[in-house]
Structures are given as structure tokens and as C-alpha cells.
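Report on the structure given below.
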Amino acid sequence: MSSILNCIRADDVMATLLEVKDLVVKFALRGGDVTATNGVSFDLARGERLGLVGESGAGKSVTGFSIINLISQPGYIASGSVNFHGENLATMSAARLRTIRGNRISMIFQDPMMTLNPVLTIGTQMIETLMAHNLQMCKERARGIALEKLRKVHIPSPERRLEQYPHEFSGGMRQRIIIAIALLTDPELIIADEPTTALDVTIQAEIMDLLIELCETEGMGMILMLDTCRCRSGNWTLAVMYLRRTGY
Amino acid sequence: MSALATFRESYLWYSFKRDKIAIASLLVLVLLFCSAIFAPLIAPYNPYDPEMIDIMNSEIPPAWEDQGSREFLLGTDSQGRDMLSTMIYGMRISITIGLGAVLLQAFLGVLIGLFAGYHGGRLDAIFMRAADVQLSFSYLMVAIFLSAVLQAVVGVSRFGEIAVPFLILVIGFSQWPQYARTVRASVLAERKKEYVEAARVAGFTSPRIILSQIFPNTLSPILVLSTIQVANAVMSEAALSFLGLGMPIDRPSLGSLINSGFEYIFSGAWWITILPGVLLVVLVLSINLLGDFLRDVFNPKLYKG
């Protein structure tokens, strides 16, 4: 009880968006539990950007997935808490969680070639995402929002692009579209799991600039996971993950 | 871009234009379906109307034979019914049962395959073992058993009235595992892909992921399977009717027509059994050839030698 009160007070004073505390994630395997993260802790204020840096296998992606409580079986959150606006996502009901996941917290993945559904036009996918979160949403309004977000990520002639399939886009364009999909519901927090790893160097810079620009204009918080520190601009808090723990 | 323009640029249309067999079988199929749909307009007689049947006209050979008559192009059967009209009406019943049974199979099989494949675990195990059990004994055995029971319960005369829905149900329920297995196999491949993960992260409920994200990705095997299953269902119906368990002789399908003429084949009246047989072969063959074409288009990795 006292921890909840603390969080609410902290929320007032520092406007804490997300507070991860001693997060331990384990995978139940046949030979016993394997610890994937062992005491990850960090705070994120509203609109703050956190870079989570660590070598591969350090537990960055697992941390990202456990924030939205979506670790695939046989993984589970063994202890610790993930407080989003003071509510613990680790113990929240599935239905309540769905109103946060993909709505107030969005996630961007590593490989833009794989994360779009190959047989649906991007318009269909964007409209579907909007309607999944807001049952009162009509198709015309959803289309309008989709167009607005595509413009925000600098996709030229979005009206035409909305009718096209993922294979008709280049890798950089696809990652922009994925970012646009993440932006659809105006989230307060974006978790970007190595969003530039699958792209070439010049496109990497473009995507990074775009993400920073969007965070600043929209006032979004962002957790960026990377394997190297190569950010050139913007205010970043940096956390290093090593051996399944965080340190500043 | 309009839908028609998109279609004209598609690979499907491109390969269709170059495949003579596909064009021919589609033409034949369209012709047969149209004559089945517009049977009352096309057929010269109404084979269901006893007023138009005269027993004196029985066993008249086709028009090109010596004793043939211009009135009955393909001759008449043992009751004096015009063969051409009876065949067109019979094909109408065969196609109705075939399409109805496939719709039922597809509905059950696709739904079960999608959910079993996506959720896995116990649900998957139960449905797939049920499918194994069902495929392990012949559908004919089940159909013979059920129709014998049904004929005993409702009586042979009333059985004729409910024969069409009965055959649709029997053939539909006996073949759903084909769809369930095919769909489940593609779902198992699709559900590990990242777009499914992305949909889950985006907060989609699992029925929504299954129906709006995974289902469109399983459509091409479903389409190919459907053509083959329509042909199979028409054949199954013909087999059941030939055995006397399907359509009654006063509302014959192609199978019961073949059956009705079978006794006369040695007395020289070959047309009663051969002509509906040829029509059945042409119908099933053209559906199968079209299915082969679709399979080649949707699976370009399968090169024909």
C-alpha cells in the first residue's frame, strides 16, 4: 500500500511515467529456471528519453516485452514491478492491459521487413489497429488519422501509399510506416527495440532523427534499445544493461 | 486504381491468358454452371412434370441414331423422360449439393483449423485427434449407415424431400478434416511470424488476430483446396446416389441417373447411363483442371516439367 502512495506522490512531483523496479524475468525450462533479467530498475519521466544500451543477450528485448507484460511462454515475471502511472502492469488483468498495450504504450521492432502483414494493404492495417482500440471509430475517421500520421513520418503522397502492400515499400519506408502505426493512438510511451539494426547507415540516421523529432513534437516518452551508443543529438538518459542488470 | 485494372495487371490474369487448358476448362465450367442455373429456361422439357412424360416415348435413342427422334436430342430414359432435360436438372442438383457441402466443410474446417492452430495445446490435440478418427473410416460407411437409419425413420417417400440437405450435411461433415488440416498447417507457419507478434503488442485480442491478420494469409491454400473439394463432393454425391442412398429417381442427380440406366445397358439402351456419366466426367475434370491451374499460380515454386 505504501508503495502505491509513494508512486502517486512521485507522479505529482516528478511526473513519473514509468517506473521499473527490481524486475526479475525467468524462463521456466525443463532443466530449471533460467534468469533473463535479474533486477532491472529505471525511471522515466513524462517526455523523457531513455537509451537502454547493452550487448546482445543482455536482456534488453526481454525487458521491453515485460514492460507491456507480453513475454512469450515459458517466460514469466518472477518479481519486481512495472508501474505505469502508478499502476502495476505486471499484475494487471488482461482486459485492462489491452487498453494500455498498443494504445498508451506502443512498440517498434527490429526488422521492418517482418512486422507488417504481407497480404494486407498498409491502410487496412492502420485502420484495423485504430478500430481494435476504439470500437466507435468509423472507417473514414480512421483513414484520416492514418493519413495524418503518415504525413508526420514524412511519407510522400500518403493517399496513394495507403492502398499499397508492404512489399511495395523500401526498408526505410517500412520502418517509417511502422513508426506511423505506433503513433496512431497517440501513445505516451514508445518502446523501440533496436529500430535501426536492419537498416543501412544513412537510413539509420534518418530514422533516429525522425524518432527524436516525433518525441519532441508529441511530448512522448521513449525507451530506445541499442547495442551501441551512437546517438548524436537530443537529451538522453542512458542506462547500460550488462549481465541482466541495469546501471546508470 | 480500380479493381478491374488491378486484376488485369495481376499474375493470375497473366498466366491464365497463357494457359490453354485453364481457359478451356473455365469456358466449359461456365457453360455447365449457366445451364444448371438457367435450367428451367434452357431445358426443352420439365422432367419433374408427369404431364410431359409419356411412357410410349420410353427408350428412344439419341437423335443421330437410326430410330432417334428430333423431339428428344439425346433420347429418352426408361420412363420416357427427355435425357437432355433430365441431365441438365440432374447436374443442377449435383452442383447444388457439391457447393453446399463444400461451404459447410470450409466453414467448419477453416474455423477449427484457425483456432486449433493458433491456440495449440489441448484444444489443438482434441480437434486433430477427432479429425484423425474421422478420416480413418470411410465416409461412405457413415453415409450408408445414416441414410439407412433416416430412410427407416421418415419413410422412403419423404426421404426424397429431405435428400438434398441430408447429402449436404453428410458430405460436409465427413470432409471438414481436409480443411482443418490444411488451414492448421499454414497457421502454424504464420503464427510464429513477427507481424503476429506485432499485432499482439498492438493490443489486438486473439480472435481479432486470427480472423483479421492470420486468416488472409491462409487464403491461397483454401482456394486451391476448395476447387478440388467441389469436384470431390460432386463425385461423392454421385457415388452415394449410384448406390441408391442419395437422390430418388423422380428427382435424379447425375449419380442416380447413371444408376437408373445401368440395368438397360446390356439391352442396348446405353445412352441412359453413358451420357450422364460423360457429363459427370466433364464437370469434375474441368473443376480439377482449374484447381491444378490455381495451385500452379499460387505456388510458383512448383515448376511443371
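Of all residues assigned to the range A:165-185, at least one qualifies as being at pLDDT 85 or above, surrounded by fewer than 20 Cβ atoms within 10 Å (Cβ to Cβ) and out of contact with any Pro (no Cβ under 9 Å at 6 or more places or on another chain).
Within the range B:188-198, is there a residue that is in a loop (DSSP other than H, G, I, E, B), more than 7 Å from every other protein chain (Cβ to nearest Cβ) and either in contact (Cβ under 8 Å) with a residue 60 or more places away in the chain or over 28 Å from A:PHE65 (Cβ atoms) (or both)? Yes, the range B:188-198 contains at least one residue that is in a loop (DSSP other than H, G, I, E, B), more than 7 Å from every other protein chain (Cβ to nearest Cβ) and either in contact (Cβ under 8 Å) with a residue 60 or more places away in the chain or over 28 Å from A:PHE65 (Cβ atoms) (or both). If you go through the range B:215-229 and keep only what is crowded, with 17+ Cβ neighbours inside 10 Å and at the interface with chain A (Cβ under 9 Å from one of its Cβ atoms), you end up with just B:ASN217.
Matching residues to (1) at pLDDT 85 or above; (2) in a loop (DSSP other than H, G, I, E, B); (3) touching a His at 6+ places or on another chain (Cβ under 7 Å); (4) among the hydroxyl-bearing types (Ser, Thr, Tyr):
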residue	(1), (2), (3), (4)
A:LYS26	yes, no, no, no
A:THR37	no, no, no, yes
A:VAL62	yes, no, no, no
A:SER72	no, yes, no, yes
A:GLY80	yes, no, no, no
A:ASN83	yes, no, no, no
A:ALA90	no, no, no, no
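Within the range B:233-257, being buried (at least 24 other Cβ atoms within 10 Å of the Cβ) and in a helix (DSSP H, G or I) holds for B:ALA233, B:VAL234, B:SER236, B:GLU237, B:ALA238, B:LEU240, B:SER241, B:LEU254, B:GLY255, B:SER256, B:LEU257. B:LEU103 fulfils the conditions (1) modelled with pLDDT under 90; (2) closer than 30 Å to B:ASP132 by Cβ; (3) not charged (D, E, K, R) except for a single criterion, (1).
The residues on offer are A:ARG96, A:ARG101, and the sole one that is basic (Lys, Arg), within 12 Å of chain B (Cβ to nearest Cβ) and in contact (Cβ under 8 Å) with a residue 24 or more places away in the chain is A:ARG101. The helices (runs of 4 or more DSSP H) falling completely within the range B:1-87 that include 3 or more residues that are loosely packed, with under 15 Cβ neighbours inside 10 Å and under 26 Å from the mean Cα position of the chain (by Cα) map to B:11-18, B:20-37, B:39-42.
Of the numbered conditions (1) more than 13 Å from chain B (Cβ to nearest Cβ); (2) under 17 Å from the mean Cα position of the chain (by Cα); (3) at pLDDT 85 or above; (4) assigned to a loop (DSSP other than H, G, I, E, B), A:ILE155 fails exactly one; give the number of that condition. Checking A:ILE155 against (1) more than 13 Å from chain B (Cβ to nearest Cβ); (2) under 17 Å from the mean Cα position of the chain (by Cα); (3) at pLDDT 85 or above; (4) assigned to a loop (DSSP other than H, G, I, E, B), the one that fails is (2). Out of B:PHE262, B:PHE204, I need the residue that is more than 30 Å from B:LEU167 (Cα to Cα), among the aromatic types (Phe, Trp, Tyr) and either crowded, with 19+ Cβ neighbours inside 10 Å or free of Cβ contacts under 8 Å to residues at least 60 places away in the same chain (or both). Which one? Answer to the selection: B:PHE204.
Matching residues to (1) touching a strand residue (DSSP E or B) at 6+ places or on another chain (Cβ under 7 Å); (2) of a type in the set (A, V, I, L, M, F, W, C); (3) at pLDDT 85 or above:
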residue	(1), (2), (3)
B:SER2	no, no, no
B:VAL30	no, yes, yes
B:SER35	no, no, yes
B:TYR48	no, no, no
B:GLU71	no, no, no
B:GLY80	no, no, no
B:TYR89	no, no, yes
B:ILE93	no, yes, yes
B:PHE107	no, yes, yes
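Number of residues in the range A:104-117 that are in contact (Cβ under 8 Å) with a residue 24 or more places away in the chain, outside any strand (DSSP E or B) and under 17 Å from the mean Cα position of the chain (by Cα) equals 7.
The values are calculated or read from the model by the stated rules, or taken from the named source; none is laboratory data. Bear in mind the structure is a predicted one, so any value in this text is a computation, not a measurement. No Cβ is skipped: glycine too gets one built from the backbone with ideal geometry, and neighbour counts run over all protein chains shown.
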